[in-house]
Each structure stands twice: as C-alpha cells, then as structure tokens.
1. Which whole-number percent is the relative contact order of the stretch A:6-106 (Cα, under 8 Å, 6+ apart)?
2. List the lysines whose Cα lies under 16 Å from the Cα of A:Lys325, skipping any in the same chain that are fewer than 8 positions away.
3. Counting each DSSP H run of 4 or more residues in chain A as -39500 (n - 2.57), what helix-only mean residue ellipticity at 222 nm follows after dividing by all residues, to the nearest 500 deg cm²/dmol?
4. Sort C:330-338, A:49-57 for me by packing, meaning the mean count of neighbouring Cβ atoms within 10 Å per residue, highest on top.
5. Restricting to lysines 8 or more places apart or on different chains, can you count the pairs in the stretch C:233-317 with Cα atoms under 20 Å from each other?
6. Which GluC sites (Glu not before Pro) does the stretch A:314-370 hold that lie in a coil by DSSP with at most 11 other beta carbons within 10 Å?
7. With the cut-off at 1.5 for a/c, could you classify the stretch A:326-418 from its C-alpha gyration tensor as rounded, prolate or oblate?
8. At R0 = 41 Å, how high is the FRET efficiency between C:Thr174 and C:Ala373 if r is their beta carbon distance? Nearest 0.05 is fine.
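Since every read-out is calculated from the coordinates, none of them should be taken as a lab result. Keep in mind the model is a prediction, meaning the values are calculated, not measured. All Cβ positions, glycine included, derive from the backbone under ideal geometry; neighbour counts span all protein chains shown.
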Amino acid sequence: MLQYDLVVVGGGPAGMAAALQAHEDGVEKILVLERADTLGGILEQCIHTGFGLHYFGEELSGPEYAARFSEALYKTNIDVKVDTMVLDISADNVVTAVNNFDGLLTVKAAAVVLAMGCRERPRGALSIAGSRASGIMTAGTAQKYVNIDGYMPGKTVVILGSGDIGLIMARRMTLEGAKVKAVCELMPYSGGLTRNIVQCLEDFGIPLRLSCTVIQTHGKERLEGVTVANVDEHLQPIPGTEEYIPCDTLMLSVGLIPENELSKSAGVALDPVTNGLVVDEYRETSKKGVFACGNVLQVHDLVDYVTEESKLAGAGAAKFIRGEKPAGGTVTTVGENGVRYVVPQRINRATDKDVKLYFRVGRVLENVTLTVTCGEETLISRKKRKMTPGEMEYVTLKASVLEKLPEDAKLVVSTKEA
Amino acid sequence: MKTKELICVSCPIGCAVTVTLDDNNEVVSVTGNTCKRGDSYARQECTHPERMLTSTVKVIGSRLPVVPVKSAKPVPKELLLDCMQEINRVTVQAPVHIGDVVLANILNTGVDIVATNNA
Amino acid sequence: MKYDVAVVGAGVVGALIARALSRTDLHVVLLEKYNDVAMGTTKANSAIVHGGFDAANGTLKAKLNVRGTELMPQLCETLHVPYRNNGSLVLAFSEEEMQHVHALYERGLKNGVPRLSVLDKSAVLELEPHVSGEVVGALLSETAGIVCPYELTIAAAENAVENGVDFIRNCAVTAIEKAPDGFTLQTTCGAIEAAYIVNAAGIHSDDIARMIGDDSISLVARKGEYYLLDKAYGYLADHTIFQCPNKMGKGVLVTPTVDGNLLIGPSALDVDDKEDVDTTAKGLQFVVEKAKRSVPELNLRGAITSFAGLRAHPTTDDFIIGFSEKSDRFVNVAGIESPGLSAAPAIAEMVYEMLLEKTKASERVDFKPGRKAPVRFRNMTKAEREALIAKNKAYGRVICRCETITEGEILDAIHAPAGARDVDGIKRRTRAGMGRCQGGFCGSKVVEILSRELGVPMNEITKFGGNSKILFEKTK
C-alpha cells in the first residue's frame, strides 16, 4: 500500500488548486488522481474565454486557465496519475484506484481532498415523451464532440435549458455553421449568466423562450424535430401552445449535479439542497481529514471562485496534517427568505481568518436587502439591485465578528424585497 | 440626449450599464458599471462593438484532431462569422504551444488568432 | 447461401430457437433486420418470469409459461444471464378483487403452477412493507422471477453462433419464394435459400407469414410504456408486484430488475404503426398513477429513463406456434405477447422437437451449451480484479464511471460472437451508459472505441443502427 500525506481525487481546477496550496503550505507527499488523460477537468473542453478575470485579471480560455495550474503543478514534486479512476474511499481514508499501467492501487492518506466535479442532469430525469432517436444529448457531451473530438453533433439544434453550458453551446454551434433554432427555458428566468445571454444568444439572433419546454421528441432513428409548449405558473404545459420545431439535435442544459457517489461510499454527509457536501470554513466535510472543493461541493458559475474555494481546502488539509486546524465550537449557517443554501454550513468560531459565505437565491429578486443575522443581532446588511438564481453571491464575515458569536449560534442569511 | 441600457459582457458579473448619448451619438456618460472595463465596454459597444472569438483549428501530428484558438484581442462583432471562415481554412502542424500565432492579422483587423492549448 | 433452417427474427424467441437448433447437425441462419439482436419487443418489456397462473387453462400460453418458468433458472445459469427467483404477488384492494385472486389461484393449480398461496393483508405487508396499506390480500407465486431479456437474447445468440449458427444483421426479409426443396428468401442482404423457415419476426410475423400466402395470423401492436428508476429506489419492492388483471393485460406492475433498479409499467394502448415506440405523456402518467396504487411511496425523482415497447397481441388471444397451413416447411411462432419471455425457453424446446422430428436431424456430440461468463469488473473482488488486469491491461481502464465498466468489457462486447456494433449494443451488453449520467461522460468514449475497433470513422457509429448516427462531419 502506498502512503501519502494528501490524496486529491480529481485533477480539474479544484483538485489542482487544492494540491498546489497544500504543497505551498508545506505538505510533502501529495498525490493527484485524475480520471481523464490530462489534468484540467472540464476546462479542457471549455474553449471560450471569460475564465480568470477575477483570479488572474486576464481573460483566459478554459485550457489556458487550466494550464496555469497544471504547469505549476508539474514543476513541483506532487505526484500525478492521469487515466486513473478512484473506485472507493474507505472509512479509514484508504483510497482504491485503478488504471491500465499500475493496475489496482491502494493508497493510505492522512488527508483526502474530494474534487470530483459534477455531472449534467440527463434526459431521463426530465421524462420528455417521444422517441429514443439519436441526436439527444447534454450540452456538455456536445461540447466535447465539437471542441475535443472535432465533430459536429448536429446541424439544426434546439437547446432545452438556459444554463451557461447551453448558452455557450448555442454560440459555439452557430459559429461552426449550425442553425440554433431556439433555447427553451422552463423557468420564467434564465439559469445562465446575463452576459452569456447577450453575447451567446442576442449577438446571433437566437431566440430565448422563457416558460417554455420540450414536451415531445420526434424521429425514429435520428431526431427529426421536437414539440415545444409554454408552461403555466405550475410549470405544466399549456394546451394549445404546442409548436413543432424541426431539428436534428436536442441539447440539454438542465442542471448540474455534484458527483458525490464516492463521497457517499466514504460516509460523508451531504447537503440535500446543494447535493454537495456539508463543510466548514476550510471545506472539511463531516468526516475528519476529508475535505471537498469545487463543483463536488456546490455548483459554481465561475472557475475563479472554484480556485479560491479549493485553496481554502488545500490550506485546511495542510493545517489538518500538521495538527493545527482549529476545532471545537462551531456556529451553523442557514439560508432563509429566498436564500436556498449557504456554504460553508458550519464555521469554527475560533477560526483564524475572515470567512466568505457563498449562497444562491431561489428566484429572481429585485431591490433586495440582504442580511446576515444571529438571533436579534444584524451582523451584515447590504442593498442589492438584483439577485438571480443563476449567479452565486457571497458576503464576508470578519474573524473578529465570528469570535464574539455565542456558542452554537445560528447565522441566518436572508433577503427582503423592497 | 438619449440613454441606452446595456449588459456589460466584459466579465461574468454582467453589470447593467446605462449609457447617455448626445444627439450626435457621442457618449456623454456611463453609469451602473462597477469597474473601468464596464466604462470602456459601454463606449465601445455604442460605437463599434467588439467580441472575443474562440474556435478550433485542425492540427496534424497530435493526439487530438483540433486545437483550441482565440482572438488575442476582441474583433469587430460584425466580422465574427467572416473570421470563422478564415479560421476554418487553417491547418497547423504539431507541436503547438499555448500562445502560438496560428493566423496573423485576421481579415486585416490587426488581431492575431492564437492557440489556447498545447497539442 | 443455402441453409437447412432460416430463423427470421433475433428476439428472445428467435435467438433461443436458433440456439436450440444448433444442438443438431442442421445448418442454421439467424436473420435480423436491425443492427443487433433483441431490438423489438425483447428489449422493452417487463423483464419478468411469470408463475403461470394467469393464462386460461389448456392454452399454449399456460402450458409453455409453466414449462418455460421451470426451464429458466438452469438456462440462465448455463448462459450466465442474470436471473432472480424473487416471486410475485398479485395484490387485491377489495373483496371483489380478492375473489379474483382466489380464481387466479384455482386457475394456477389447474395450469400446474407449483408453490402458489393466498396471503392475507398482514402477510403481504410483512413480505413487502412498502405496499399500500389499502391492500386486502394477495396471491403469492414463489416460482416467479425476473430476468434480463436482452441479455438472455444476447447470450443465446452468442452461444448459437459459437455452435455454428450464422447470424446476419441488417437483413430484412422482403419476399419469400417457394423453391423445390424449401424457399428462397429475398432480403436486403441478397437471396438466401433455406429448406425450412421459422417465423419468429415478433410484431411483424403476420407480414412474414403473408409472404408465403399465409394470412391466418392477425396481430395488434399494443404499446406498453415504462419508467426505470434509480437503484436507490430498488428497496421499494422485492417481489414483482401485480395488480388484478384486466382485459388489456396484467395491469401495471412494480418490480425490481436483476440489476437492482425498479421498473414500473406498462400502459396498454393499441397502435397502428408497428414501429411506434414513442413514449407519450399520457401513457407515462397512467403508469405512475397506477403504480402508486400498489406502492404509494414511488417518486419520479428517481426516474432514470422511460421507454416503450410493442407487444404482438394475437386476436386469438393465444400463442400461434406450428407449421403453417400453407407449407409444412414453414413454422409460425407468432403472437408471442406476455408471458412470452417466460415461455421462450419452452417455445424453443417445442420448435426444436417439431423440427427434429420433421427433418430427422441428429444431435451433435460437440454442442457447447454454455457461453463464456462475461467479465463483470464491478462485481469482482480485489484479488480477481488484480488477476484480470495482470492478464489484460484493458480491464484497468474504466470507461463508464457510474457503472464501473472497463474498456476490456467493452472490447469483449464488440468482439463476442454476434457482438455489439453500436452504442446501445454496448450498453445492453455491458451497462456502459446505463447509470445516473446516462452516457453523458462515457458516450463519446464508447463511440471512439467502436470507431477504432470497427475501423470506421466516428461519424459512422450509430446509436442503434440505421440512420441513428450520433455525429455529422468533422468541424475542420
């Protein structure tokens, strides 16, 4: 059995940043295990720009952003195994993995960082009636075909769901010569960033149809068309609004789900709202020495925030390995009045740094007062012109404020519309 | 005087920006932006809009069939599809490194198309 | 090519008949119009082995169901096909339905079904705690089970080919001409001569019979829609749970599958188009509503996929098996609706005996009854995995992460006799793409591997043959 101080599961942006931070903080033996044949994770296929504006102050493409980290990582003594799939994490942090050059690997780790990312919600979860024709795929799968494999997955396209990947793919397919007929969104608002609606749809005259869904697919072999319909306030199709749109491809961008099957087998607690893990301010999970960061923890819109979060996890793991991580009395966080969730879910009162609370709202809110309260006391109050479910927000709590909170305090992040 | 509402696309925050123009369509003021980029984006967008362009080009001798590329700077928005035609004609030989120019001065815009991954 | 027997249709019935005939010295060809075996009714049904109490006394359905259910466990073991003897329950929700349960019990006894019993409410709830509290009682059939129908078909076809049967895919029969010693079949792959024909063409067996002037078969395509739920919901039912039957079928059932998922369905709607396997909002809604009557905790959040299949409902209400009245060289095996899967091993036995007697063929001494057990990496111990990878590195590369399927297993599926040629074929043989992400991650890798192994570009690989291509031309 191999012995490492830290094993990082996943070599995407989260895993790389966590490993690098732990290395910087003095952890000596680090192993990164990555399923794909290169480091970089999903960034390798995200060839559009917009990455790194916060973190590097530059507008990078996904592969460029990833390369900043992978190049730095390969200059260290961090061990990397690509093409390696983790099969199991045991109760005592023994990681079992497999590849076609070492065979089965077992690694005993003092600490583990979970950075497996997320997966796309597939068609089956939507129960769209109709045929099983080819040409129905998630936007991410289509993105891989176009950007990595170099093949067109369709010529005439309807996209269901206005998540960022769907919007990005609408532009990508258009630039490569396909006709994108419509982007349909079940909700009355888009799930993607506003800037992507402007530069991916409006720039190319692609209609965004809100409160609209695909109710039926047609075509026996390759997809031949879809029937779309408007939905009412209960999200049910409205009879009489059906419209047939001929197309050979239906792309789905209907949500991302943290990939936590390994976490479950490792016995780590999950948050039922995020489908991610329950963590503290250093992203330590419910299990001692097991940390998590990136989309496995909560689905992010910006990789820059993933990097920030992952550095916290790396730093936390380093502190844990040195036996210096603060432990003891914690306060919990909770979202109310439109705030769907808050990460981290618990904070050590004796923490050594300011803590950012990340959260999302459940619907579009305008002229909002955002507050963080503890009992009767308002710790933070801030005005916001607009908040949307598609954009992750944060507020910063000072360490000096946290320190003074009563034991077992509950911090409430809440909104109020004017 | 008239005003125009824009969403800044400079970064993923997507600020709602209000531009005030005079009768000659000259920008008088920009408000609502939260950084300098927003100001310059708004002025640019009202006079001659530009966009970053990303795509792939064919690569020979690599384990991958295509390598991703971007415009080193934004190109005029109305030239996006014309630029694609030029990019589609390019074939590069591996090895390719991040930052390598695969097509210089595309359509005389003064903008280079550069590789964004190694191949 | 000239054959002794041409079996038309590689569903579970055709494949098992071809395998049965491969015991003899007859030269057999198995013709399939699609790109793979098990593409019709076989791939979209309830996947259950019925006790045999449902069919009317004295029918072929009753006789062959009971015999098939008896043969199934051993057959599945020999062919390494997942089968589980989980037993079934027919629930009664009223005293009137309870009378029906008693009637089924009596009918079952007459059909020769062993191990039947009538349970009261508490006994039902003890066996199945998630069944509705409204239940009054139930019929328990302990010989009932579940089986993977397409895997049974794949295994049977594989074994048949290993024993010398020729398998020809993408071969649709377009006409049949009588020849001096049999027939000439005109097909989309050219002319094929055969002394005997077995018509196992499923929903199309009436059309095939008409090609020799036999218009005695009348089939109705009856659509059944299903939901497949995630393994996380498998705990909701251990037995196959039926409701009291009606004239359109056995009603909506809730059953575990051999893979540990939960299957609910089917709806029942007669359709005109024999290729119409579209799911419908109405049909799926019906399935959920009815299934909830049995198991109220059912929740669609667990739905992985939905699908529809067509049952070949004979207007006579019984299987049609025997020599055609137009030719004693032409065997009809038609109208094989429920309990067709349960009966399939017995149907194969029956057709085998008929043809053995007719042709005076002799049994081969070198018949290999079993197939090589397929590698299932996910079910192996650490030591087994190590040994496997040491032998072949391809078993060390995981392609489908949700189901832990290795490249080695995918290569086996492609290179097996009558192996996979498309993405769905890989999925049915290995489960790659059948998990939570439904092929989101591994789909493109499977296309890549198929492309490499079959020596064709990625954009020629299909989802399930025909024009079901996945990719268009290269972007550059």
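1. 27 percent
2. Counting by Cα, and skipping residues close in sequence, A:Lys325 has these lysines nearby: A:Lys287, A:Lys288, A:Lys311, A:Lys353.
3. Value at 222 nm, helices only, nearest 500: -5500 deg cm²/dmol.
4. So the order, starting with the most tightly packed, is C:330-338, A:49-57.
5. 8
6. A:Glu324
7. Prolate is the answer for the stretch A:326-418, as a/c is 1.5 or above and a/b outweighs b/c.
8. For C:Thr174 and C:Ala373, the calculated efficiency is 0.60.
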